[in-house]
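The values are calculated or read from the model by the stated rules, or taken from the named source; none is laboratory data. Being a predicted model, the structure only gives us computed values, none of them experimental. FYI the Cβ positions are ideal-geometry reconstructions off the backbone, even for glycines, and counts take in every protein chain you see.
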Amino acid sequence: MSLELRNLYDDFRDPQTIKAYAKLIEEEAKKLDRSINIMEVCGGHTHTIMKYGLPQLMPKNVKFIHGPGCPVCIMPKHRIDHAYTLAMQKDVILVTLGDMIKVPGSKGSLQDARSKGADVRFVYSPMECVKIANENPDKRVVFFAIGFETTTPMSATLIDVVQKQGIKNILFHINHVTVPEVMEELINSRDEHIDSYNNQINAFLGPSHVSVIAGAKIYEKFPKEYNRPVVVSGFEPVDVMEGVLMVLRQFNENRCENEIQYKRVVSYEGNLNAQRIIKHYFEKASLFKWRGLGNVPNSGWRLKSEYSELDAEKVFEDVLPIEEIEDHKLCICGDILRGMAHPTECTIFGTACKPNNPVGSCMVSSEGACAAYYKYGNLL
Amino acid sequence: MRKSVALAAGNGGEENSELISGVFYKYFKNDILLKSEDAAVLEVGSKVAMSTDSFTVSPLFFPGGNIGKLAICGTCNDLAMMGAKPKYITVGFIIEEGFDYRELEKIVRSMKKELEINDALVVSGDTKVMPKGTIDKLIINTTGIGEIEKEGISSNNISEDDAILVSRDIGAHGATIFTAREGIELSSELQSDCASLYPTVKALIEAGVEITAMRDATRGGVAAVLNEWAKQSDVCIEVAEDAIPVSPEVFGVCEMLGFEPTMLANEGTFCLAIKQKDAQKALEILQKFNNNAQIIGKVSDEHKQRVVLQSSYGTKRFLDTPTGELLPRIC
């Protein structure tokens, strides 16, 4: 018998199993004397939660807060303007991943640049840049690198190949960001004057493909220093349901731990080779501005100075716009990401701000909280 | 050297007639076309349906079809969806200078084959050749006239008496084109569903099935059709997610790239709104043509103008109209 793709996840989408977990969650929630808000940090989790309608299976006192874990959504406008500007340079091929190309900056999206004649391509693997560079020796390929820990080693590996093979026409614009720092930022954000304005996050579902690379160890400080349980969960509906159950059990059993639900791929230490190659080429930037959240200390990577000849931000310094752009005034993405507001509470949700013309970060990709609500609807 | 289409072939002169008689007449010939008048004169006995569409696809040849087959199926299917028998077709070719003659012939040959399936004739045509680089290889426009065999089919009349069906497993064309275009090296048996639907429609009409509406789920996929219907008929369409037929290959592509099968294009798959009492009969006929045909949902007034997907574990969500370019999710 041949193994079909379906065989790999059918059990993790099994209706009976999902129902059984819903029942266990309900029983566990009854024992709680409070409500629990669980932030799923990763956009992949948000996608699963909305696609499978999991909030409808939650008891009244268990809620999801959709986090900032969509790499496309959090890209600030001025960095998209960088991509746009680079794409419009003569003899430049701008390469990036998937749905990055539809996100508007202040000048337009990469799609707009393409319609004005720019050569913009999206790839599945950064390695495809090597082929593009070889086929276009008289052009410069700029890889606009985005993503969390998950995609960072792929960019680092491409840099490694460029270095070792002496490829002269690939440059990098690095926008890789890291998860634990932004989780800390969310927990630490508080208003001294209005208590209800403080974050409402009680526990985290930890991003797990991030942890395949960086290990579950990166979340250790959340139970220890911030008193927030973490369960590193998989992306299928059964995974998310089990993750929620594990969180609730921690509360009922008075535990506060960093647990792994997604044991089939996540280890505590992560992929050490991947971690090594990241540290070889990258160093932490002191600040990275997140769309909707503002500056978050130590949350971004940049190329080490010894590789500055590969750094598109240095090579094209003269043409790239410098000034940062503030988020739209009516947009409440920051509050949504902190768990203080719901997408439908935003005055421009579904009116001025829609998936085909997103204002704020959460409407940008299908993994953003607002786009997910817009697309899948909250039927409850 | 292989022969290619020269700019002069569009000039109305000798090279032009060489292309017309050497390729187009060779495959399309019939009494009306060969009269070579300024316009075709047609006998039409009944009410007619008329539809036009322009076709551009990259790559031109894909597993399961090519631009030519697409151009005939597309227009004939639009006619069939209105209960009409495709009869007369006009074809306009806009060709990029330097286009390979043999490829053109291959495309025209598959058009002929598809015309035979529909028992339709090309009665008028046009050729233009554009300078190299000004268009992407080849664009084909087809316009068709069909004789109405069943009147009253309309997307505005769907009611709670109707069941919703699809004619086969969905998304094959979209998945095929996407993987072929992006050069994703997949070894799979994935093939476009590109096919003429008139034979299926004819069987339904002949069996006396009460058809409320039919629409082929081309761009925007099944999601777009159901949303258009919900809005046009001011109803709620409720679909059982598990009932929607999806092949393992299409499912795999969707899993890999983060697409929804309901949003992928089809070129030989249609949605039907059939009176409840005839739904089973319609299904049996559809399944004679494709075993994967399925009843996927019903009509209600719960969320008017919306399409609701129901999971088998009791949750619901809206199925929206796809927007923008189809782009893979990042993680």
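Condition first: closer than 30 Å to B:Gly152 by Cα, touching a helix residue (DSSP H, G or I) at 6+ places or on another chain (Cβ under 9 Å) and part of a loop (DSSP other than H, G, I, E, B). Can you find one or more residues in segment B:75-82 that meet it?
For segment B:75-82, residues closer than 30 Å to B:Gly152 by Cα, touching a helix residue (DSSP H, G or I) at 6+ places or on another chain (Cβ under 9 Å) and part of a loop (DSSP other than H, G, I, E, B): absent.
For the condition part of a strand (DSSP E or B), surrounded by 11 or more Cβ atoms within 10 Å (Cβ to Cβ) and not hydrophobic (A, V, I, L, M, F, W, C), what is the one hit in B:Ser54, B:Ser58, B:Ser46?
B:Ser54
State whether one or more residues within segment B:232-243 are more than 22 Å from the chain's Cα centre (by Cα) and at positive phi.
yes
Please verify whether A:Ile167 is farther than 26 Å from B:Leu257 by Cα and in contact with a Phe, Trp or Tyr (Cβ under 7 Å, 6 or more places away or on another chain), treating the condition exactly as stated.
No, not satisfied.
Within segment A:1-13, count every residue that is within 13 Å of another protein chain (Cβ to nearest Cβ) and more than 27 Å from the chain's Cα centre (by Cα).
So the answer is 4.
Could you list all residues from segment B:255-272 that are surrounded by fewer than 21 Cβ atoms within 10 Å (Cβ to Cβ) and assigned to a helix (DSSP H, G or I)?
If the condition is that a residue be surrounded by fewer than 21 Cβ atoms within 10 Å (Cβ to Cβ) and assigned to a helix (DSSP H, G or I), then B:Glu255, B:Met256, B:Leu257 are the ones that fit.
So is B:Lys304 within 14 Å of chain A (Cβ to nearest Cβ) and under 30 Å from A:Pro358 (Cβ atoms) or not? Walk me through how you get there before you give the answer.
On the way: within 14 Å of chain A (Cβ to nearest Cβ): yes; under 30 Å from A:Pro358 (Cβ atoms): yes.
The answer is yes for B:Lys304.
Which condition from (1) of a type outside the set (A, V, I, L, M, F, W, C); (2) touching a Pro at 6+ places or on another chain (Cβ under 9 Å); (3) within 14 Å of chain B (Cβ to nearest Cβ) is the one that A:Lys19 breaks?
Condition (2) is where A:Lys19 drops out.
If A:Asp318 satisfies all but one of (1) away from chain B (no Cβ under 14 Å); (2) without any contact (Cβ under 8 Å) to a residue 60 or more places away in the chain; (3) within 30 Å of B:Pro322 (Cα to Cα), what's the number of the condition it fails?
All conditions pass for A:Asp318, except number (3).
Has segment B:243-252 got at least one residue that is assigned by TED's automatic domain parsing to the domain that holds B:Ser196, free of Cβ contacts under 8 Å to residues at least 12 places away in the same chain and assigned to a helix (DSSP H, G or I)?
Yes: one or more hits.
Scan segment A:355-377 and tell me whether some residue there is away from chain B (no Cβ under 14 Å), of a type in the set (Val, Ile, Thr) and more than 19 Å from the chain's Cα centre (by Cα).
no
Please verify whether B:Glu284 is away from chain A (no Cβ under 11 Å) and surrounded by fewer than 20 Cβ atoms within 10 Å (Cβ to Cβ), treating the condition exactly as stated. Please lay out each step first, then the result.
Details: away from chain A (no Cβ under 11 Å): yes; surrounded by fewer than 20 Cβ atoms within 10 Å (Cβ to Cβ): yes.
Spelling it out, B:Glu284 is indeed away from chain A (no Cβ under 11 Å) and surrounded by fewer than 20 Cβ atoms within 10 Å (Cβ to Cβ).
So how many residues does segment A:58-67 have that are in contact (Cβ under 8 Å) with a residue 40 or more places away in the chain and either assigned to a strand (DSSP E or B) or within 7 Å of chain B (Cβ to nearest Cβ) (or both)?
Qualifying residue count for the region: 4.
Show the residue pairs that are 6+ apart or on different chains and have beta-carbon atoms under 6 Å apart, the first residue being within segment B:219-234 and closer than 21 Å to B:Ala172 by Cβ, the second being polar (S, T, N, Q) and crowded, with 24+ Cβ neighbours inside 10 Å.
B:Gly221/B:Thr262; B:Val222/B:Thr262; B:Ala223/B:Thr262
Given the structure, is B:Ala195 in contact (Cβ under 8 Å) with a residue 40 or more places away in the chain, crowded, with 16+ Cβ neighbours inside 10 Å and within 30 Å of B:Phe24 (Cα to Cα)? Lay out the reasoning, then the answer.
Values: in contact (Cβ under 8 Å) with a residue 40 or more places away in the chain: yes; crowded, with 16+ Cβ neighbours inside 10 Å: yes; within 30 Å of B:Phe24 (Cα to Cα): yes.
For B:Ala195, the condition - in contact (Cβ under 8 Å) with a residue 40 or more places away in the chain, crowded, with 16+ Cβ neighbours inside 10 Å and within 30 Å of B:Phe24 (Cα to Cα) - is met.
Only one residue in A:Asp195, A:Asp138, A:Asp160 is farther than 24 Å from A:Lys304 by Cβ and at pLDDT 95 or above, so which one is that?
A:Asp138
Give the residues of segment B:1-43 that are small (Gly, Ala, Ser) and part of a loop (DSSP other than H, G, I, E, B), sorted by residue number.
Listed by number, the residues that qualify are B:Ala6, B:Gly12, B:Gly13, B:Ser36, B:Ala39, B:Ala40.
State whether the residues of segment A:38-57 include one that is more than 13 Å from every other protein chain (Cβ to nearest Cβ), outside any helix (DSSP H, G or I) and over 16 Å from the mean Cα position of the chain (by Cα).
Scanning segment A:38-57 turns up at least one residue that is more than 13 Å from every other protein chain (Cβ to nearest Cβ), outside any helix (DSSP H, G or I) and over 16 Å from the mean Cα position of the chain (by Cα).
Would you check if A:Thr347 is more than 10 Å from chain B (Cβ to nearest Cβ), without any contact (Cβ under 8 Å) to a residue 40 or more places away in the chain and over 26 Å from A:Asp112 (Cβ atoms)?
Details: more than 10 Å from chain B (Cβ to nearest Cβ): yes; without any contact (Cβ under 8 Å) to a residue 40 or more places away in the chain: yes; over 26 Å from A:Asp112 (Cβ atoms): yes.
For A:Thr347, the condition - more than 10 Å from chain B (Cβ to nearest Cβ), without any contact (Cβ under 8 Å) to a residue 40 or more places away in the chain and over 26 Å from A:Asp112 (Cβ atoms) - is met.
Please state which of the following conditions A:Tyr268 fails to meet, knowing it meets all the rest: (1) under 30 Å from A:Ile174 (Cβ atoms); (2) in contact (Cβ under 8 Å) with a residue 40 or more places away in the chain; (3) within 19 Å of the chain's Cα centre (by Cα).
Going through (1) under 30 Å from A:Ile174 (Cβ atoms); (2) in contact (Cβ under 8 Å) with a residue 40 or more places away in the chain; (3) within 19 Å of the chain's Cα centre (by Cα) one by one, A:Tyr268 breaks only (3).
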